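Trainee: If you scroll down you'll find the structure; I have some questions about it.
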Amino acid sequence: MRGENGAGGDAGTDEVRRLDTATTTDARDPIADRYEVPPEATAFACPRCGRPFARERHRDLHLGQDHGDLGPDERAAYEAARDGETDNLRRFRIVSLGLLVLLYFGFLLLYAVAG
Ligand SMILES: [Zn+2]
């Protein structure tokens with residue numbers, strides 16, 4: 001069984017090698033294949049890996065988190081995007097907590113009146 005895999009593996013590795021050389025000629029093709037962007041949509045592509053993002057802020061966050069070597073403009077954009085994201089997360093937590101408290105006391109009041 002092992003020899004059978006080895007014999008079949010040779011043909012498979014040739015195929016893989018041929019695919020590798022085909023894909024390494026243009027590094028952006030696999031990314032474009034993986035992420036489908038509608039033709040009428042505006043996409044902000046990462047300058048390092050080519051991954052498209054719907055919003056510029058998301059691309060800036062991706063740059064800071066996935067690519068370490070940022071220029072001064074990219075670093076400033078990342079920090080601004082991170083601060084905006086932190087504010088949104090804080091707002092989401094406060095609203096979530098408020099809804100949970102409202103739900104808790106709503107059920108408590110319902111239980112007190114109807115139970
Ligand atoms: Zn990237």
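Trainee: Run the simple label-point estimate for Arg75 and Ala45 please: 7 Å along Cα→C-beta, distance reported in nm.
Mentor: 2.7 nm
Trainee: Testing the spin-label approximation: label points 7 Å from Cα along Cα→Cβ at Gln65 and Phe107. State their distance in nm.
Mentor: Spacing of the two 7 Å Cα→Cβ label points: 3.1 nm.
Trainee: Whole-Hz ³J(HN,Hα) for each residue in segment 36-51, computed from phi via Karplus 6.51 cos²θ - 1.76 cosθ + 1.60 with θ = phi - 60°, x for glycine and proline: what do you get?
Mentor: Coupling constants for segment 36-51: 8, 9, x, x, 8, 7, 8, 10, 9, 8, 5, x, 8, 10, x, 5 Hz.
Trainee: Could you list the residues of segment 77-115 with an amide nitrogen less than 13 Å from a label point located 7 Å from the Cα of Glu56 in the Cα-to-C-beta direction?
Mentor: Flagged as within label range: 77-78, 80-81.
We did not get these values from a lab; they are worked out from the coordinates using the rules stated. Since we're looking at a predicted model, the values are computed, not measured. Ideal geometry is used to build each Cβ from the backbone, glycine not excepted, and the neighbour counts take in all protein chains shown.
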